Amino acid sequence: MKKIMKILILSLYFISSAQADDIRDFQIEGMSIGDSLLDFMSAKEIKKIKKFDYSGKYKGIVLREKKSTNYDDIQLAYKNNDDKYTIHSLAGRIFIDNIEDCLSKRKEIEKEISKVFPSASIKRYEKVKHGYDKSGKSFVWHTRFELKGGGKASIECHDWSKKIEENIADKLMVGLGSNEFHKFVDNEAYR
């Protein structure tokens with residue numbers, strides 16, 4: 001696990017060592033907000049991937065087959081009916097069973113992202129009930145970096161209830177999102 005975290009932290013720093021203020025300058029596995037998914041795979045391949053719906057406005061997919069040295073998988077979202085498949089949300093996910101380990105890793109990554117985005121405003125949310133789980137027994141710890149140039153970067157630890165029907169795995173996520181996508185998630189998605 002330590003080796004994975006070193007690689008993850010180094011990749012975050014290496015990708016954006018110029019201390020960018022625009023979310024499009026930050027990449028996860030070579031992809032960024034505003035890129036077309038068609039630059040990484042064909043429309044035929046995209047259509048074969050199982051999708052999940054974000055309240056009728058966005059489609060989400062998980063790339064499990066993508067060769068990743070840093071993450072267990074990559075989750076991304078694009079708008080419905082977008083023939084270019086423009087990426088609005090992108091997250092690398094690492095599955096972690098122990099929430100304390102996740103919270104520790106979150107702090108390490110937070111320090112590194114603070115170096116990459118020194119002028120970003122930072123908001124921290126500690127043990128908030130996850131809006132998706134209506135039972136109120138799943139929680140998320142969330143650090144959000146709001147960039148002056150637009151967009152948001154985030155680090156999240158998800159601790160899902162064992163009773164949730166979908167049996168969702170606990171995880172650490174390092175994510176990127178457009179302002180538009182975050183407004184949607186904050187104000188519409190789980191209502």
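The values are calculated or read from the model by the stated rules, or taken from the named source; none is laboratory data. A quick note: this is a predicted structure, and the numbers were derived from the prediction, not measured. Note that we place each Cβ from the backbone using ideal geometry, even for glycine, and neighbour counts take in every protein chain shown.
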- Message: Cβ contacts < 7 Å: first residue in contact (Cβ under 8 Å) with a residue 12 or more places away in the chain, restricted to the range 94-110; second residue of a type in the set (Lys, Arg) and not in a helix (DSSP H, G or I), any location; separation 6+ or different chain. Result?
- Response: 94/171; 95/171; 96/171
- Message: So in the range 101-128, with the set limited to residues that are in contact with a strand residue (DSSP E or B) (Cβ under 9 Å, 6 or more places away or on another chain), under 15 Å from residue 147 (Cβ atoms) and among the hydroxyl-bearing types (Ser, Thr, Tyr), which one is surrounded by the most Cβ atoms within 10 Å (Cβ to Cβ)?
- Response: 114
- Note on the structure: Of those in the range 153-191 that are at pLDDT below 90, of a type outside the set (A, V, I, L, M, F, W, C) and closer than 13 Å to residue 23 by Cα, the residue surrounded by the most Cβ atoms within 10 Å (Cβ to Cβ) is 182
- Query: So which strands (runs of 3 or more DSSP E) stay within the range 51-100 end to end and still have 2 or more residues that are loosely packed, with under 14 Cβ neighbours inside 10 Å?
  - Reply: 51-54
- Here are 131, 150, 136: which of them is over 19 Å from residue 24 (Cβ atoms) and either surrounded by 15 or more Cβ atoms within 10 Å (Cβ to Cβ) or touching a Lys or Arg at 6+ places or on another chain (Cβ under 8 Å) (or both)? 136
- Query: Could we say that residue 93 is more than 29 Å from residue 37 (Cα to Cα), within 16 Å of the chain's Cα centre (by Cα) and not hydrophobic (A, V, I, L, M, F, W, C) here?
  - Reply: no
- Do the conditions hold for residue 84, that is, is it basic (Lys, Arg) and modelled with pLDDT under 95? no
- Task: Might you check whether a residue that is closer than 28 Å to residue 37 by Cα, in contact with a Phe, Trp or Tyr (Cβ under 6 Å, 6 or more places away or on another chain) and in contact (Cβ under 8 Å) with a residue 12 or more places away in the chain occurs anywhere in the range 63-74?
- Result: yes
- Any idea how many residues of the range 27-50 are part of a loop (DSSP other than H, G, I, E, B) and under 16 Å from the mean Cα position of the chain (by Cα)? 7
- Task: Being β-branched (Val, Ile, Thr) and closer than 21 Å to residue 151 by Cα is the filter here, so list the residues in the range 26-61 that pass it.
- Result: 28, 33, 61
- Task: State which residue pairs qualify: first residue aromatic (Phe, Trp, Tyr) and inside the range 139-151, second residue not in a strand (DSSP E or B) in any location, beta carbons under 7 Å apart, and separation of 6 or more residues or different chains.
- Result: 139/130; 141/103; 141/106; 145/113; 145/117; 145/120
